[in-house]
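Below you'll find the structure, written out as structure tokens, and then a few comments.
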Amino acid sequence: MVVQAGAGFVIGGMAGIVLARGGAAGARRVMAGFGAGVGFGSAWTRTKPSASCIERHWMTAPSLQRNTTKETINADKNNRKAPSTTTATTTTTSTSLSKSARNPRTATEAAMATVPESTWNNVQTSGTTATTATGASSLLSFVTGSQNNSARANSNSSNTTAAALKPSLQQQQQLSQNNMNNAIGQQMETDAWTRGGRQFASSREVYTRSLFRICLKFTTSEDEDEGKAEPATAFWTIYGRPTTIGNGAPSSSSPDDICRRMDDSMTGPSAGILSRLTDFDGDQAAGYALRSGMTTGWHVRGDRGDAAVRVGKAKVFTGKNGPEGPTREAQILSLDAERWILCKGASFAAGNSVFNVEDVNEAKQKITIHCTKGPMRGKLIDIHAARCPFVFGRAHEADLCIMDRELSRRHGAVLYLPARKAARGKGPTAGTFVLVDLESTNGSYMRLVGPYGYKGMGSLTVGDEFIVGRTGFSVNRFDYGISEAIGARPTMEDRTVVIQSLMYEPRHGYYKNEPKDQLQELAMTSFAAVFDGHGGDECSNYLVDALPHHIRTAMYAEREALRAAIESSRTSSRAEQTEDAASELMRKILKGAYLKTDKEFITPKTAPQSGSTAATVILLGRRLFAANVGDSRVVLCREGGQCVELTSDHKPSRPDEAARVRAAGGFILHKRVMGELAITRAFGDKSFKMGIKAMLEDEADEIARGLNENSETKDLTAPLVSAEPEIASMVLSHKDEFLLLACDGLFDVFRSQDAIALARQELIAHRGEPAEVARILSDQAIRVRRSRDNVSILIIVLRPFWEL
């Protein structure tokens, strides 16, 4: 259904109006989340919007103010009042249940439609939906795993009259939903993977590396099928159901979930199968999966040789001078890159070429590979350990030059890893030849056939890439989109960053040779932030690298305590949304990382006077931490469009913030600290961190003598502007929809619930595409509502709610 501008619609009991859409105003940076690394905008140029092309109007949908947690202030220049609204009641009808039962894609999601969690620490949710005690208890029993004995007892003991012998329609609906919840719950426990450890055993685990669903992003060009519109750039898997990839059309007898009819390199339907590992896959599959990187609990396989996984990264460089001149050395840049051993029967692909390992001669330290496809088809190549690293690519100076335009100049390499000495003085065992990728454009892939054809061999980590036929995918924890628009400002001072896994060093994204067992907690941690700079872009540019680096460093330093706290939290019987030992430790880590980052920036004598706000999100398993300084915000959209503000603006208008400034000897003038700064917390702003005594220098002693009798309570050395964050913590549900992080350029003209409603409406209309939705949102802020600031928006999609 095509949604036209001005059209009305109803989604989940929530009415809306399609706002007018226009072109981009000013220069912008727009980026869609494409991988698991750092994401920020590309180059941009500055232009100013023409006053004649700006159509200024305000449209407020009747439901834009519903389901909100906090009231925020919006300067509505037209002084239009929004129509009164009522709180909707969440009900589950027999019709929706029957639809879910008929559609296997939505059966699990329908049963997961739990009561929105109305309470969680540090945030009090107002306007949450009302449910009966019986309904809430039965639904929460599915999420928490607790047996709903009290609810069943109440249900069995209530109403012994004749009317109770004939259940009402509402009771029948509730009974149907309970049966559905129990059935899906049993199915999910059947799909558990206890062999992977505690964190993979249940979908209800909080601190887990296991992903309930993964987002596949296409890394190759789209499949233009007979002139039809290209498919979405992302595909979401479903818990408990395999995802098939092939060329089986929807109308065929074997339709594929991801159909690529134009990829003639696929051998047919179900060329690749992506699924979660379960206990039914056996101990061998579990062993392979646990030895391969930091598995997410998902693996890919292709019984006919169509599926292949991209091997680890490495770099080759010139080493020390040897007897025959400078030597070549290699450094592995990915965790467990040495897992892709070139043993006999292994097969790998690079560009248009496919190679099979025909022989491995341990005595001569040599392998023989045979090219079965590509420009060198039919040739045999011997690779000796003495010649490793053996580089292949399109460059003439490569050890194996392959004239294939799909290859990079230095595409990949074969490394020889000498074996370590065996125990008890038995001498060294034979070394191994390993395939690595030299950070090429199209990648080098190990095909999942022969010795790599067993279940678990294709186990996937966040950030991994794989191909089926010639269609490539990247494995992501979530989908995201970024829009950074300069607006009416002369300079762009905002920055945005997304890191889907802190397992690697954020500054360069490479493996630091840390022991694998010490990276468990970092592998389940994601980081995202929006930095709104002021007075220059030096501070925001610094924060993009420094803040995630210090958070990772602190988590790694506290890894033993953090692991013990997580284990303690798993064995405790407290409610899911309450604070636990792990969340308390993470608060300490985040606070210390914020303050250390700020101190490093302002300490040098040559430090710039610029500053920046920060709105950050840290995901540790399903535990979400939202930390902020300044007036940038983090807002969560829960099921059905419920808006939850996770941060509170740090402005002089807040009584507690104004009191802190005055206690440090400062004052508030024209709603600004010392009449200058419009926020009370920020990174940078060196002059405001010195304290009032240092700021006034020669006049400090005179001012101190003139203070009133209550002056002993003032600390004239305390900073007027603080970099200490406020941190909110909660556990995400599998039904939460998306996160919105944005600077005050958006929230100066949008209320939080208005922004959430518009973003949700556009995500449904575009069936995802968060980058495009972020652009539309910034257009509305700049062109329609006349924001005068930079507008930076980050949308993190947690699940494909538009498909339900």
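The values are calculated or read from the model by the stated rules, or taken from the named source; none is laboratory data. None of the values given here were measured: they were computed from a predicted structure. Heads up, the Cβs are rebuilt from the backbone with ideal geometry, glycines too, and the neighbour counts pull from every protein chain shown.
Return a yes/no flag: does the range 483-502 have any residue that is in a helix (DSSP H, G or I) and crowded, with 22+ Cβ neighbours inside 10 Å.
Of the residues in the range 483-502, the ones in a helix (DSSP H, G or I) are none.
No, there is no match, as no residue in the range 483-502 is in a helix (DSSP H, G or I) and crowded, with 22+ Cβ neighbours inside 10 Å.
Consider Ala700 carefully, then state whether it is modelled with pLDDT under 90, in the same structural domain as Val661 (by TED's automatic domain parsing), farther than 26 Å from Trp802 by Cα and not in a strand (DSSP E or B). When the stated conditions are applied, Ala700 passes them. Residues in the range 306-336 that are modelled with pLDDT of 90 or more, under 31 Å from the mean Cα position of the chain (by Cα) and not β-branched (Val, Ile, Thr): Asp306, Ala307, Ala308, Arg310, Gly312, Lys313, Ala314, Lys315, Gln331, Leu333, Ser334, Leu335. Across the range 259-281, the qualifying residues are those that are among the hydroxyl-bearing types (Ser, Thr, Tyr) and farther than 17 Å from Thr237 by Cα, and the one among them that is farthest from the chain's Cα centre (by Cα) is Thr267.
Restricting the first member to the range 741-764 and to residues that are within 14 Å of Gln642 (Cβ to Cβ), and the second to residues that are among the small types (Gly, Ala, Ser), the beta-carbon pairs closer than 6 Å and six or more apart or on different chains are Arg760/Gly641. Residues in the range 359-384 that are small (Gly, Ala, Ser) and surrounded by fewer than 19 Cβ atoms within 10 Å (Cβ to Cβ): 2 in all.
Looking only at residues that are touching a residue at least 40 places away in the same chain (Cβ under 8 Å) and buried (at least 19 other Cβ atoms within 10 Å of the Cβ) in the range 578-590, which one is nearest to Pro608 (Cα to Cα)?
Among residues in the range 578-590 that are touching a residue at least 40 places away in the same chain (Cβ under 8 Å) and buried (at least 19 other Cβ atoms within 10 Å of the Cβ), the one nearest to Pro608 (Cα to Cα) is Leu590.
Filtering the range 629-654 to residues that are buried (at least 24 other Cβ atoms within 10 Å of the Cβ) and on the phi > 0 side of the Ramachandran plot leaves Gly630, Gly641. Quick one: would you say Asp537 is under 27 Å from Gln609 (Cβ atoms) and surrounded by fewer than 20 Cβ atoms within 10 Å (Cβ to Cβ)? Judged against the criteria, Asp537 is a match. Residues in the range 646-665 that are farther than 30 Å from Leu732 by Cα, touching a residue at least 40 places away in the same chain (Cβ under 8 Å) and touching a strand residue (DSSP E or B) at 6+ places or on another chain (Cβ under 6 Å): 1 in all. Of the residues examined, Ser440 is one that is surrounded by fewer than 21 Cβ atoms within 10 Å (Cβ to Cβ) and either part of a strand (DSSP E or B) or of a type in the set (Ser, Thr, Tyr) (or both). Of Lys364, Lys320, all but one fail to be more than 30 Å from Pro242 (Cα to Cα), assigned to a strand (DSSP E or B) and assigned by TED's automatic domain parsing to the domain that holds Ile402; the exception is Lys320.
Criterion first (in contact with a helix residue (DSSP H, G or I) (Cβ under 9 Å, 6 or more places away or on another chain) and either assigned by TED's automatic domain parsing to the domain that holds Gly319 or modelled with pLDDT under 95 (or both)) does Val357 satisfy it?
On the way: in contact with a helix residue (DSSP H, G or I) (Cβ under 9 Å, 6 or more places away or on another chain): yes; either assigned by TED's automatic domain parsing to the domain that holds Gly319 or modelled with pLDDT under 95 (or both): yes.
When the stated conditions are applied, Val357 passes them.
Inside the range 369-384, residues that are within 16 Å of Arg447 (Cβ to Cβ) and either touching a helix residue (DSSP H, G or I) at 6+ places or on another chain (Cβ under 6 Å) or part of a strand (DSSP E or B) (or both) make up a count of 5.
With respect to Ile782, determine if the residue is touching a residue at least 40 places away in the same chain (Cβ under 8 Å), farther than 25 Å from Arg622 by Cα, in contact with a His (Cβ under 9 Å, 6 or more places away or on another chain) and of a type in the set (A, V, I, L, M, F, W, C).
Working: touching a residue at least 40 places away in the same chain (Cβ under 8 Å): yes; farther than 25 Å from Arg622 by Cα: yes; in contact with a His (Cβ under 9 Å, 6 or more places away or on another chain): no; of a type in the set (A, V, I, L, M, F, W, C): yes.
Criteria not met by Ile782.
Exactly one residue among Ala575, Ala528, Ala557, Ala564 is surrounded by 17 or more Cβ atoms within 10 Å (Cβ to Cβ) and on the phi < 0 side of the Ramachandran plot, and that residue is Ala528.
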